[in-house]
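Since every read-out is calculated from the coordinates, none of them should be taken as a lab result. From a predicted model like this one, the values you see are computed outputs, not experimental measurements. A quick note on method: Cβ atoms are made from the backbone with ideal geometry, for glycine too, and the neighbour counts reach across all protein chains shown.
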Ligand SMILES: Cc1cc2nc3c(=O)[nH]c(=O)nc-3n(C[C@H](O)[C@H](O)[C@H](O)COP(=O)(O)OP(=O)(O)OC[C@H]3O[C@@H](n4cnc5c(N)ncnc54)[C@H](O)[C@@H]3O)c2cc1C
């Protein structure tokens with residue numbers, strides 16, 4: 001097996017994949033268009049880690065729980081600097097009826113996974129100095145991480161070469177190798193390639209059909225104050241991260257296909273408003289604050305909220321096959337050694353490390369049954385197959 005790979009994009013997806021592969025003996029070239037790693041969505045000052053469950057989507061919830069359980073444990077065991085993460089819990093404030101319904105559903109579906117959450121009560125709210133009378137769920141393993149510190153930690157390995165300021169513009173297959181070419185006409189050859197470039201995933205010929213919407217988001221922060229604020233991540237419409245790196249981070253706004261790179265006062269106001277119900281004193285202090293900083297980035301979201309993780313089809317062979325041939329998983333025309341890990345939406349720091357772990361297992365031929373179920377779920381070709389009424393095979397590319 002040729003264990004060498006070029007990974008395009010050095011956010012949490014690319015860095016996690018680089019990490020898992022380097023640890024299993026691969027030589028990794030991580031190529032980033034910006035002048036440093038973690039400059040896209042993964043460049044925010046903090047990322048909240050907690051599961052966002054749905055009342056009526058059991059399979060999504062299973063994927064969410066697998067990702068959350070894996071990632072929170074993994075971050076705890078990585079040996080990150082204490083100041084760069086805390087997984088001491090996260091509260092999601094919800095409408096009472098919704099919280100009750102969700103709690104019942106989750107307990108029913110995940111009866112074996114105890115200790116994942118408890119319902120929020122007054123004692124808990126008081127303990128964490130969150131506005132009383134709120135309802136919701138408390139996720140025991142939730143928390144936050146400093147994205148850049150995490151990414152830097154992940155790529156600190158002698159088998160990972162990081163190349164910055166090289167925007168990849170094409171990927172071609174030549175004599176059993178892949179050649180990726182940058183806008184500076186530099187060519188990189190490797191046996192395998194992984195595309196981890198978030199909302200730009202459709203930029204290459206072979207991935208142009210992978211649709212994502214770019215959701216602009218603005219986060220804000222103020223210098224740490226003497227106020228006693230919640231010591232755990234608290235989320236409602238927005239989130240408030242406990243004091244970290246001498247600041248209070250809160251956010252974030254959400255606007256589809258809005259490409260304005262500038263900070264907006266209207267968004268800062270929205271972010272301030274979103275913490276009113278979490279902590280009124282902090283909200284009041286933000287209203288008076290003169291120096292509020294912020295950052296804008298984009299989330300790459302798919303229509304069904306599931307990321308694209310796995311392989312893609314060889315266009316030519318795909319067009320030659322008949323529908324009834326494509327209905328059999330063994331006939332699907334996969335491109336060899338080209339992979340995608342993109343479209344992580346607003347949950348990249350929960351999903352991407354887990355998905356990168358599964359993808360690395362695929363490359364290492366060590367897929368477990370659970371990994372196969374995950375790749376069935378995240379199949380990047382699901383839309384092309386579903387459009388041909390081949391929904392069944394789209395979610396059964398691996399036998400489990
Ligand atoms: C405001 C905001 C708040 C958020 N809050 C949270 C949160 O609290 N918790 C959470 O889990 N998630 C959060 N998210 C989502 C999270 O940030 C993303 O899901 C995650 O960062 C996606 O990681 P990624 O590696 O896929 O993409 P990115 O981090 O965007 O990385 C992609 C990289 O690819 C590079 N690239 C693109 N094209 C090329 C090319 N052609 N050649 C070379 N390099 C290329 C880019 O420069 C970029 O560095 C938030 C997002 C935003 C915008």
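Below are the figures for this structure:
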{"item": "Elements of type strands (runs of 3 or more DSSP E) in the stretch 16-120, at least 1 residues being touching a strand residue (DSSP E or B) at 6+ places or on another chain (Cβ under 6 Å) and within 16 Å of the ligand (Cβ to nearest atom)", "result": "27-31, 47-49, 90-93"}
{"item": "Residues of the stretch 232-247 that turn out to be part of a strand (DSSP E or B), in contact (Cβ under 8 Å) with a residue 60 or more places away in the chain and crowded, with 19+ Cβ neighbours inside 10 Å, as a count", "result": "5"}
{"item": "Test: residue in the stretch 59-74 that is loosely packed, with under 13 Cβ neighbours inside 10 Å and either without any contact (Cβ under 8 Å) to a residue 12 or more places away in the chain or out of contact with any helix residue (DSSP H, G or I) (no Cβ under 9 Å at 6 or more places or on another chain) (or both)", "result": "yes"}
{"item": "Criterion violated by residue 82 - all others in (1) under 30 Å from residue 247 (Cβ atoms); (2) crowded, with 18+ Cβ neighbours inside 10 Å satisfied", "result": "(2)"}
{"item": "Scan of the stretch 251-275 for residues that are surrounded by fewer than 18 Cβ atoms within 10 Å (Cβ to Cβ) and under 16 Å from residue 292 (Cα atoms), ordered by number", "result": "262, 263, 264, 265, 266, 269, 273"}
{"item": "Residue in the stretch 274-284 that is farthest from residue 212 (Cα to Cα), counting only those that are assigned to a helix (DSSP H, G or I) and free of Cβ contacts under 8 Å to residues at least 24 places away in the same chain", "result": "284"}
{"item": "Output for the stretch 1-14, where each listed residue is within 7 Å of the ligand (Cβ to nearest atom) and either surrounded by fewer than 19 Cβ atoms within 10 Å (Cβ to Cβ) or not in a loop (DSSP other than H, G, I, E, B) (or both)", "result": "8, 12, 13, 14"}
{"item": "From 212, 207, 253, residue being touching a helix residue (DSSP H, G or I) at 6+ places or on another chain (Cβ under 8 Å), within 9 Å of the ligand (Cβ to nearest atom) and over 17 Å from residue 147 (Cβ atoms)", "result": "253"}
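Quick grid of which residues meet (1) surrounded by fewer than 20 Cβ atoms within 10 Å (Cβ to Cβ); (2) within 20 Å of the chain's Cα centre (by Cα); (3) in a strand (DSSP E or B):
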position	(1), (2), (3)
193	no, yes, yes
201	no, yes, no
210	no, yes, no
214	yes, yes, yes
225	yes, no, no
230	no, no, no
249	no, yes, yes
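Residues checked against (1) more than 13 Å from the ligand (Cβ to nearest atom); (2) under 25 Å from residue 82 (Cα atoms); (3) surrounded by fewer than 17 Cβ atoms within 10 Å (Cβ to Cβ):
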| site | (1), (2), (3) |
| --- | --- |
| 127 | yes, yes, yes |
| 138 | yes, yes, no |
| 142 | no, yes, no |
| 146 | no, yes, no |
| 161 | yes, no, yes |
| 166 | no, no, no |
